[in-house]
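Below: the structure, in structure tokens.
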Amino acid sequence: MSVEAVTLTNADAARRRIGATLALSAFVVLLMLISLGIGPVRLSPLAVAEALFGGGSEVSQVIVREIRLPRTLLALAIGAILGLSGAALQGLLRNPLASPELFGAPQSAAFGAVLVIALGLADVRSYALPVAAIIAAFGSVFGLLSIAGRNAGLLILILSGLAISSFAGAATALVMNLATNPFLVLEIAFWLLGSLEDRSFQHVMLAFPFIVAGGAMLLSQRNAFRALSLGEETAQSLGVDVGRLRLFVISGVALGVGGAVAVTGTIGFIGLVAPHLMRPAIGHDPGRLLIPSALAGSALLLAADIAVRIIPSTSDIKVGVLTSIIGVPFFLYLIMRERRALGGGVA
Amino acid sequence: MSETALLTAKGLCVRLAGRVVLTDVSLALSAGHLVALVGPNGAGKTTLLRSLAGLIPCDGEIEIGGQALSSLPLRERAKRFGYLPQGHIVHWPLPARDIVALGRYPHGATDPARLSPKDAEAVLRAMQAVDVMEFSDRRVTELSGGERSRVALARALAVEAPVILADEPTASLDPRHQIDVMQNLRATADKSVLVIVVTHDLGLAARFADHVLVLREGRLVSQGTPAEALSEQVMADVFRISAYRAEYQREAVIVPWADI
């Protein structure tokens, strides 16, 4: 076989990957248009596109660009960072059951934010909120990886994650328990369910800088994830600074998840599900999975947020509730698929 | 070994978790040699291999090609060692070709889908050297143990480093594949690469190595040609066994025989 022959077989896989990524991008754009069209005034995707670019009636322009765009942009960005975080954690830990919510990151971020609100340190639109959420998320992921240690197996990771998310949940409950103002408690409870309703450009500005920074940190490590497929020791022998990689992933996930949770509350299981959806089309290369997983995360959250507005119900279903209702059975399915590794003590 | 040494260590000491694992190990090894590193379990063989590659901190001096290892940045170190750890672990079902291509990572080829012609040639050379071209596109997780060990070796060879460090590359392979791996390493050494192999198989060490290092409780207690380094005295003191000794086709034959 010649060099050309080797490169040829590779080009096929590359074409498939690029094709899948482009198709998914188009799907995300379509979902955005649908998302912008849904509400008390229904607009077709075409009318939405027109309004977005300054056409159509003034009313539809206001509805699309000022009322609905923030919600759609948040769904896009938050879905993306959750998918990216899941793929990055799975790459770092070489483990298909890794994800932010299983490690207690969103739950901890929520605790950080709730604490700030309950103590009256800041109102819900101040930068103190994402900062507190990010610090708490960083603490949880850092703590988890320190407890689990290097080369930790599935069981240890999941048990530590369970402990940390339970602890964060209990701490949040304690804060609500001790809060004296019943309206405040109600507000926190609703916000914890995770929702994109009534979000403004202020919220977008609150979350975006952190999401973009976190995403950039995670993407910058994409090649290191690939080398890490051979284990930490071999990756190090290939010139990967494994300690720095871990710090980048922890920080990136904390920034992204913290920023996201600060404006929407906890939205779970997108990070777990998104990379799994993409592996059949993209392959298992953890570096190449990052961007497609981000796109899949956007698509999932946009779709879920469209669904909660379409599903007929007496009161609003929160999007975080829906993603968990769908995500947990998927998690159970993954456990079933991985049970040999779990039960065999390979962990 | 009279030629200029490629890899030297002086007064190497390693402590891991408060325990002294290596004590005052000094050695000088030249290009073109296949060196077997032997010793009982827990003697510090893997630790020595890791410290030579700069993967763990140690006291003492290591020089590669006349440069202090500690003065080299991570990337530069990586170019100088093809490191083959125990077990040939691959965590994701990636195609064999992509695994081998990771050997070019230290040279800046971090994406197997975008190799420069130079890197692609190196990958091809490595794959041809150990004859893994036929499963280039197969997932490594679907290969047999013997096939996987060859892919792992090809990955280490693709670095095209002056030194190859292999940690028990023949463990859990059948005799045919053990010979296969050792012949590949021998051929690599013959292309003036320094190859250091950790092994428990004294027979393979005697058959294939030019030079044998014997470690015991973290100290280098014997070295030389296989017949010298694995003398009856050493076999008795270090391994607490007797061995059948002979010569066949001008190579030393050492077969562990009985405990003493």
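No other residue among B:Ala236, B:Ala206 is in contact with a Pro (Cβ under 8 Å, 6 or more places away or on another chain), touching a residue at least 12 places away in the same chain (Cβ under 8 Å) and in a helix (DSSP H, G or I) apart from B:Ala206. When segment B:248-260 is filtered for residues that are surrounded by fewer than 10 Cβ atoms within 10 Å (Cβ to Cβ), part of a strand (DSSP E or B) and not hydrophobic (A, V, I, L, M, F, W, C), the ones remaining, listed by number, are B:Tyr248, B:Asp259.
Assess whether B:Gly87 counts as being in a loop (DSSP other than H, G, I, E, B), open to solvent by 50 Å² or more (accessible area, probe 1.4 Å) and either farther than 19 Å from A:Ser229 by Cα or within 9 Å of chain A (Cβ to nearest Cβ) (or both). Give the steps one after another, and end with the answer.
Details: in a loop (DSSP other than H, G, I, E, B): yes; open to solvent by 50 Å² or more (accessible area, probe 1.4 Å): yes; either farther than 19 Å from A:Ser229 by Cα or within 9 Å of chain A (Cβ to nearest Cβ) (or both): yes.
In short, yes.
The residue that is surrounded by the most Cβ atoms within 10 Å (Cβ to Cβ), among those in segment A:182-218 that are of a type in the set (Val, Ile, Thr) and closer than 20 Å to A:Leu76 by Cα, is A:Ile211. Kindly indicate whether A:Ser85 is touching a Gly at 6+ places or on another chain (Cβ under 6 Å), at pLDDT 85 or above, outside any helix (DSSP H, G or I) and surrounded by 24 or more Cβ atoms within 10 Å (Cβ to Cβ). No: the conditions fail for A:Ser85. With respect to (1) touching a residue at least 60 places away in the same chain (Cβ under 8 Å); (2) farther than 16 Å from A:Asn95 by Cα; (3) more than 11 Å from chain B (Cβ to nearest Cβ); (4) part of a helix (DSSP H, G or I), the lone exception for A:Asn223 is condition (3). Going through (1) part of a loop (DSSP other than H, G, I, E, B); (2) at pLDDT 90 or above; (3) surrounded by fewer than 17 Cβ atoms within 10 Å (Cβ to Cβ) one by one, B:Trp92 falls short only on (3). What about B:Val221, is it of a type in the set (A, V, I, L, M) and open to solvent by less than 50 Å² (accessible area, probe 1.4 Å)? The answer is no for B:Val221.
Here A:Leu247 meets the list (1) touching a helix residue (DSSP H, G or I) at 6+ places or on another chain (Cβ under 7 Å); (2) over 27 Å from A:Ala118 (Cα atoms); (3) away from chain B (no Cβ under 14 Å) almost entirely, failing just condition (1).
Residues in segment A:90-101: is at least one of a type outside the set (S, T, N, Q), modelled with pLDDT under 95 and closer than 19 Å to A:Val321 by Cβ? So far as segment A:90-101 goes, yes, one or more of its residues are of a type outside the set (S, T, N, Q), modelled with pLDDT under 95 and closer than 19 Å to A:Val321 by Cβ.
To keep it simple, each residue is scored yes or no on (1) without any contact (Cβ under 8 Å) to a residue 40 or more places away in the chain; (2) within 14 Å of another protein chain (Cβ to nearest Cβ).
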site	(1), (2)
A:Arg17	no, yes
A:Thr21	no, yes
A:Gly39	no, no
A:Ala47	yes, no
A:Leu82	no, no
A:Pro106	no, no
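If the condition is being open to solvent by 10 Å² or more (accessible area, probe 1.4 Å), within 8 Å of chain A (Cβ to nearest Cβ) and assigned to a loop (DSSP other than H, G, I, E, B), then segment B:95-114 contributes B:Thr110, B:Asp111, B:Ala113.
The values are calculated or read from the model by the stated rules, or taken from the named source; none is laboratory data. Just so it is clear, the model here is predicted, and its values are computed rather than measured. Cβ coordinates were reconstructed from backbone atoms using ideal geometry, including for glycine residues, and neighbour counts include every protein chain displayed. The accessibility values were calculated without ligands, DNA or RNA, using every heavy atom of the protein model including side chains. Shrake-Rupley method; radii C 1.70, N 1.55, O 1.52, S 1.80 Å.
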